[in-house]
Amino acid sequence: MSGEMVRVIVNGTEYQASEGQNILQFLNAEDVNVPAICFHESLGPIESCDTCIVEVDGELQRACGMELEADMEINTQHEDVHKAQDLAMDQILHKHELYCTVCDYNNGRCAIHNTVAEMQKEHQQIAFKEKGYNIDDSGSFYRYDPNQCILCGRCVEVCQDVEVNETLTIDWERKQPRVLWDNDVPIDESSCVNCGQCVTVCPCNALMEKSMIKEAGYLTDVEQGTLRSMIDFTKNVESGFGPLFAISDTEAEMREDRIEKTKTVCTYCGVGCSFDVWTKGRHILKVQPQPEAPANGISTCVKGKFGWDYVNSEERLTKPLIRHGDTFKEAEWDEAISYVGKRLKEIHAESGPDALGFIASSKATNEESYLVQKLARQVFGTNNVDNCSRYCQSPATKGLFRTVGYGGDSGSIDDIATADLVITIGSNTAESHPVLASRIKKAQKLFGQRVIVADIREHEMAERADLFISPRPGSDLVWLSAVTNYIIKQGWHDEKFLKNRVINVEEYFEKIKKFTLDYAEEVTGLSKETMVNIAEEIHRSGSTVICWAMGVTQQKGGSDTSTAISNLLIVTGNYGRHGTGAYPLRGHNNVQGCSDFGSMPNTFPGYQDVQNDEIRKKFEEAWKVDLPGEPGLTNHGMVDAIHDGSLRALYLQGEDMGIVDANANYVQRGFEQLDFFVVQDLFLSRTSEFADVILPAVPSLEKEGTFVNTERRIQRIYPALPTLGDAKPDWEITQMVANELEAGWNYQGPAQIMDEIAKLTPLFAGVSYERLEGYKSLLWPVDEEGVDMPMLYEEEFHFNDGKARLFYVDWTEPTGTNEEYDLHVNSGRLLEHFHEGNMTYKSEGITRKTPFCFIEVSPELAKDRGLKDGSTVRLTSRTGSVKGRVVVTERVKGKELYIPLNDNGDLAVNKLTSSEVDKDTDTPAYKDTAVKMDLLNFEGQSPLPHNNHRFGNRQPQIGIRIGGKWKRDDYVFPGDVVREKDVKR
Amino acid sequence: MAKATRKVEPLVPSKDEAREKGIEEIEQALAERKDAILELIDLVDRLHESDLLPFISALVNHRDQARSAFFREINRPHNAKFARNVVDFIGFLGTIEFEKMQPFMEKINRGILEADIEEEKDDMISMLQLIKSLKDPEVNRSIRSILAFLRGMGKEE
C-alpha cells in the first residue's frame, strides 16, 4: 500500500522508505547524487531530460518517472548508468550553447551548467546546433531564446498546472519543436498574463527577465557582433568544460560582489507572496521567488514579479513639502516637523483631542500602524484612528466576530487548495488574488476540486467554475440563507457539531425558516433548482470553504451577508478541520495587519476593546497617560465630522483617500475644509494635493517591518534599496512627529516596536523578529513560546465558552437602480493594475498593454444604446459623474457596467459611489451604485489595445504531453542505446 | 481651506551650500581611507611617469571598439590555435608528475656530468668492455631504469 515503510536497496545499502515515493526525490533526500535538469521541487516529475537515469531492478529507467516498491534494487553507480546520463546530457548540449562567462544567467544557479559540472563532463559528443528560430522579445518583461531552449518543459508545466493560465505548450510534431505561446503567436499577442513563473522555473537562459539582460554580467553588455566573437573565442579556446567553468565560475563569484539579494513581501494584495529581490545599485535586476516562501512558493503575478518601476520613479517625493498659498515649497525635515508639531498642538489646545483624526495605511507595516494609533491615543488622547480596511473588509471581520470569534481567515491557503468544494462569492479572485486563485484553479484542474462561483460578472473564475451563479446585486444573503434552510430541512446539517460546539441553534433554526426557496427565487433571480444544486454540492463534499470579497462586503448589508456565510459553514460543520472554513480575501498587503495592530477606533492592538477598563489600564500604565474609553470615529465618520466642522486636523499615512473612499467629491470637499492636513506618501497623490504638509515616505523595498497577509501570516520585509533622497520610512516620520510633541519615543528600529507590541498584546505574545527571520513566518494567535495557529477552531471557538454562535441576520435591500438611474455599476480590480494606479502606471511594460481605465458594457446594452468599442460615454449618478471609453464584452450582462478602480482622473469610479454604508461597520456600499448613461462620441479607439492578454487564445492541456516527444522518430531513450536494445532507427 | 494644487517649488540649495556639502563629504571619505588614498596617489604618479595613464584613458574611452577589435583579431584561426595551444599546454603541465620526476632528473644530471668527462676520450669501447660494464652496479641500475621506462611507454591504455 502506498505510504507504507518498505525495504529498498540502493548501491548495495539497505534503506527504509515509504512505498510509492518518487525515486528521484527519495534519492535526493538520502543524499544519493543523481543529476536532474527538468525536475524542479515545486513542479515534480516532467520526465523530459533523461539525465536522472538509474538502474532499477536491472533496467535503466528515469528515476523521476518511477515510484518506490518493496525490495527494489537501485543502482546509481553502474557504468551503464553513467553512460546513459552522459548521452542524455549530450542531447541537451546539442540544443544549448555553453557560453557561460558571457551569459546573464551565469549566477551560480543554471541547472545545465551545474549538472555538467557535477557529472564532471569534459566534452560533448554531439555539436550544438541552432534550431532556426528567432529570439522572441516582443513581450513587456521577458524574452524567449529558442536556440538556448532545451525543451525541458518546466515553463509549460508551470503555466498549465501551477499558474493555470494555459498559454504555453510544446509542439512535439514539428520538425524542430519549440515552446509556443497560444496557437503560435508572438509573446506580446498571446494570453500570457506576465506572471513570470515560466521565467522563474526556466533552468537556463532560454527564458529571461529583460531587466537582467546586459545588466547581470560583467561582460554581457556588448553589442551582438562582439558577443558572438566572444562566444566563438571561448569555445575555440576551451578544450574542455573544465577550464570554461573555471572562468565562468569566477565571473559568477564576482557578480556576488555587486548583486544584492534581499527577501521582501509583495505589497500588491493580501496573498502575501514573498521572494528575493535582486538589485544592482538601485536597478532591480529581477524578482526571484523561492520554493520555501510560505504563501506562494515559486508563484507570483505580474505586479509582484515585474511591477516595481515606481520605486525608481522620477515622481517620487524626496523632500518634505509645505503649502504656501496654492504652492508647495520643498523644505528640510526640521522645518516641516516643527511646523506639523506646532499646528497639531494648537488645534489640540483650541478644540480638544477629538478635533484630530488619524488614518493609518494598509500598505504600511504593522509597526507603522501601531505607531499611528499610539500617536493618536498616547500623544493626543483621541481614539479617532482608523485604516482602509474600513473600505473593504470590516464587514467580514464583523461577521466572523459574531459567529466564530476571530476576525481572520479560518485556515491557510493550503486549506483552500485541499478543500473538496470551494465557493467564491463576490470575488474576482483570478485578478484580485491571482496567486491564491491559481491554487484553486490547479486543485480543480488536477485534483477534482469542485468550484462554485457567485458573481454578477462572468470573470475568469466564473468561466472556470463547475457551477456559476449570477444572483441579483446585493442579494447573496438571501440565497445563502435559503440554501442553509434547505440543508436543515433535508437533515443534512452536522448534528453532532451543532450539539457539541454551537449555541443559539434552536432559535436560529426557527428564524431561518423564513428563507424559503420560493422567496429566494423571487429576490435573487436564481432558480430553485440552482439553489438545491448548491445545497447538494455542499452536502456531497467532505469539506467546504467559502471565500468572499468586496462583492459581499461593500453593500448596505455587508456584515450581515458575511454572517450568513459563516452561519452556513457552522450549520454544515465546516469549521475546525483542514479544508474547511471562512476566508474573507483581504485586498491589500497589510489590510489585515493594519487592523490587527490597533489602528481601529474601538480597539487597541490585537482587538483589545478600548472600552474595557482593565485593558485600558494596561495601556495607560505602559504609555504613562490617561486614555479615552469611548470608541473614536471611523474614517467615514471623520469625513462627516470634517463637514460639520468638529474635526479640524487630519493626519493621514499613505492612503489616497480622496480617490478610494466612496463619494470622492464629498471627501475632497471635506479636505478643502480642513484647518490642517498632513499626508505621508511616496507621490504627490490626488489626496496630498489638498495637504498643508506632505512628508516623503519610502516604499516597502526601502525599509524594515512586518506585514500580515490574508491567512493571518506575519512576515518580515528587509530593505533591498537605500532610501531615496531625504524620504524616510513611515515609522521614523511618525516618531519624529511624536517627539516634536515631547513623547520621548526612542525606537531604534521596527524590531523594538514589535517587542513592545508583543508585551501588550496576547494575540502576538510570542512574536519577535528572530522568530520571523528570512522566510520564517507565524500565523496569529502566537503564544509566548512562539507557537502559532495555522488553523483556527480545531479545539474551540474564540469565545469564553469556546462555542460558535449561530447569529440570525435578515436581508437589507440594496438601493439599486430606478427608472432614471437605470444602470448598475460594479467596480473592482484588474489583474495588472493596483488601486488608483499611482504605482502600476509607472511601469511602462504594464501601461503599454493596459494604458487606460475603461467601462465594460454588455453586447445587449451596446446594441440598445448604439455603442461600440471605443465609444465615449458619460455616466452620472446621484453624487457625481465620470467620462470614459467603452469596451463591449460578454463578461458583463444586461444593464450591468463594470469599471476598474484604476483611475484617478476622469474615470475615477468613486465620483459615482454614494455615501451609503454597511449599516454595521460604516463600510461604503461601493457596489450599490446606479447611473444613467449619455453617449458623447460614437467613434473612438478601443481603450484596451489588441495586445492585451484578454484577447489571447488559451491552450489548456495537462502537463507537457511528454509522450509526444517519446514518439518522435528522432528520439531514442539513452538507456536503450547503452544496453543496445532493439531501438527504432 | 486649501484648494488642491500640484505646484511645487523645489528647494534649490545655493551653489555655495551645495559645494560646501560636497566638499565636506569628500573630506570625510578621504580621511577615513587615508592610507589607501596615499597609496593610490603614488600609483597614479607612477602611471603618469610611465605614460601609461593616457594610454589607459584612451583604452577606456574606446572600450567598445577595442573589445570588438580584440575579439575579432583573437578569433582568427591561427590566434585561436595559439590560444588553444596555451590552454592545452597548461593542461599538459598539470598532468606531469614533477615530484616523481625529481630524483630521476637528478640522476640524469649526474649522467650528463659523467658523459661530459668521457666525451674528452677518443678510444673505442670493445664489445667485451660493453658486456663487462653491465657488471658495474651503476651501469646496471641505469639499464634497468631505462628498460622499465621503455616498458611503461609501450603500454597500451
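Residues A:GLU47, A:GLU55: which one is more than 30 Å from A:ALA216 (Cβ to Cβ), at pLDDT 95 or above and either assigned to a loop (DSSP other than H, G, I, E, B) or not assigned by TED's automatic domain parsing to the domain that holds A:THR226 (or both)? Walk me through how you get there before you give the answer.
On the way: A:GLU55 fails: either assigned to a loop (DSSP other than H, G, I, E, B) or not assigned by TED's automatic domain parsing to the domain that holds A:THR226 (or both).
The match here is A:GLU47.
With A:LEU684, A:LEU724 as the choices, which residue is within 14 Å of chain B (Cβ to nearest Cβ) and assigned to a loop (DSSP other than H, G, I, E, B)?
On the way: A:LEU724 fails: within 14 Å of chain B (Cβ to nearest Cβ).
Matching residue, one of A:LEU684, A:LEU724: A:LEU684.
For the stretch A:300-335, a residue qualifies if it is in contact (Cβ under 8 Å) with a residue 12 or more places away in the chain, out of contact with any Cys (no Cβ under 7 Å at 6 or more places or on another chain) and more than 11 Å from chain B (Cβ to nearest Cβ), and the qualifying residues are A:LYS303, A:PHE306, A:GLY307, A:TRP308, A:ASP309, A:TYR310, A:VAL311, A:ASN312, A:SER313, A:ARG316, A:TRP333. Would you tally the residues in the stretch A:846-889 being in contact with a Phe, Trp or Tyr (Cβ under 6 Å, 6 or more places away or on another chain) and of a type in the set (Lys, Arg)? Number of matching residues: 1. For the stretch A:630-638, state whether one or more residues are within 13 Å of chain B (Cβ to nearest Cβ), crowded, with 21+ Cβ neighbours inside 10 Å and over 28 Å from A:TRP780 (Cα atoms). No - not one qualifying residue is present in the stretch A:630-638. For A:GLU820, only one of the following conditions fails: (1) over 30 Å from A:TYR519 (Cβ atoms); (2) touching a residue at least 40 places away in the same chain (Cβ under 8 Å). What is its number? With respect to (1) over 30 Å from A:TYR519 (Cβ atoms); (2) touching a residue at least 40 places away in the same chain (Cβ under 8 Å), A:GLU820 is out only on (1). Scanning the stretch A:899-934 for residues that are under 22 Å from A:ASN602 (Cβ atoms), part of a loop (DSSP other than H, G, I, E, B) and not basic (Lys, Arg) yields a count of 8.
Among the residues of the stretch A:686-744, just one is surrounded by fewer than 24 Cβ atoms within 10 Å (Cβ to Cβ) and among the aromatic types (Phe, Trp, Tyr), namely A:TYR718.
Within the stretch B:1-25, being at pLDDT 90 or above and of a type in the set (A, V, I, L, M, F, W, C) holds for B:ALA4, B:VAL8, B:ILE23.
Among the criteria (1) closer than 29 Å to A:GLU332 by Cα; (2) surrounded by fewer than 17 Cβ atoms within 10 Å (Cβ to Cβ), the one A:GLU770 does not fulfil is (1). Residues that are among the charged types (D, E, K, R) and in contact (Cβ under 8 Å) with a residue 24 or more places away in the chain are absent from the stretch A:477-493. Scan the stretch A:360-386 residue by residue and report those that are in contact with a Ser or Thr (Cβ under 8 Å, 6 or more places away or on another chain) and under 19 Å from A:ALA691 (Cβ atoms). Within the stretch A:360-386, A:ALA360, A:SER361, A:LYS363, A:GLU368, A:VAL372, A:LEU375, A:ALA376, A:VAL385, A:ASP386 qualify. Looking across the stretch A:841-891, the residues that are in a loop (DSSP other than H, G, I, E, B), within 18 Å of A:THR817 (Cα to Cα) and of a type outside the set (S, T, N, Q) come down to A:ARG878, A:GLY880. Quick one: is A:LEU98 in contact with a helix residue (DSSP H, G or I) (Cβ under 7 Å, 6 or more places away or on another chain), buried (at least 20 other Cβ atoms within 10 Å of the Cβ) and closer than 29 Å to A:ILE9 by Cα? Criteria not met by A:LEU98.
Taking the criterion of being over 14 Å from A:GLN680 (Cβ atoms) and touching a helix residue (DSSP H, G or I) at 6+ places or on another chain (Cβ under 7 Å), the residues of the stretch A:349-362 that qualify are A:ALA355, A:LEU356, A:GLY357.
Per-residue answers, yes or no, for (1) among the aromatic types (Phe, Trp, Tyr); (2) free of Cβ contacts under 8 Å to residues at least 40 places away in the same chain:
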{"site": "A:LYS131", "(1), (2)": "no, no"}
{"site": "A:TYR142", "(1), (2)": "yes, no"}
{"site": "A:ASP184", "(1), (2)": "no, yes"}
{"site": "A:MET212", "(1), (2)": "no, no"}
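Considering only residues that are part of a loop (DSSP other than H, G, I, E, B) and within 11 Å of another protein chain (Cβ to nearest Cβ), which ones fall in the stretch A:661-681? Of everything in the stretch A:661-681, those that are part of a loop (DSSP other than H, G, I, E, B) and within 11 Å of another protein chain (Cβ to nearest Cβ) turn out to be A:LEU674, A:ASP675.
Using the structure shown, decide if A:TRP731 is in a loop (DSSP other than H, G, I, E, B) and either outside the structural domain of A:SER412 (by TED's automatic domain parsing) or under 30 Å from A:ASN904 (Cα atoms) (or both).
Against the criterion (in a loop (DSSP other than H, G, I, E, B) and either outside the structural domain of A:SER412 (by TED's automatic domain parsing) or under 30 Å from A:ASN904 (Cα atoms) (or both)), A:TRP731 does not qualify.
The values are calculated or read from the model by the stated rules, or taken from the named source; none is laboratory data. In this text, all values refer to a predicted model and were calculated from it rather than measured experimentally. Glycine also receives a Cβ, built like all others from the backbone with ideal geometry; neighbour counts cover every protein chain displayed.
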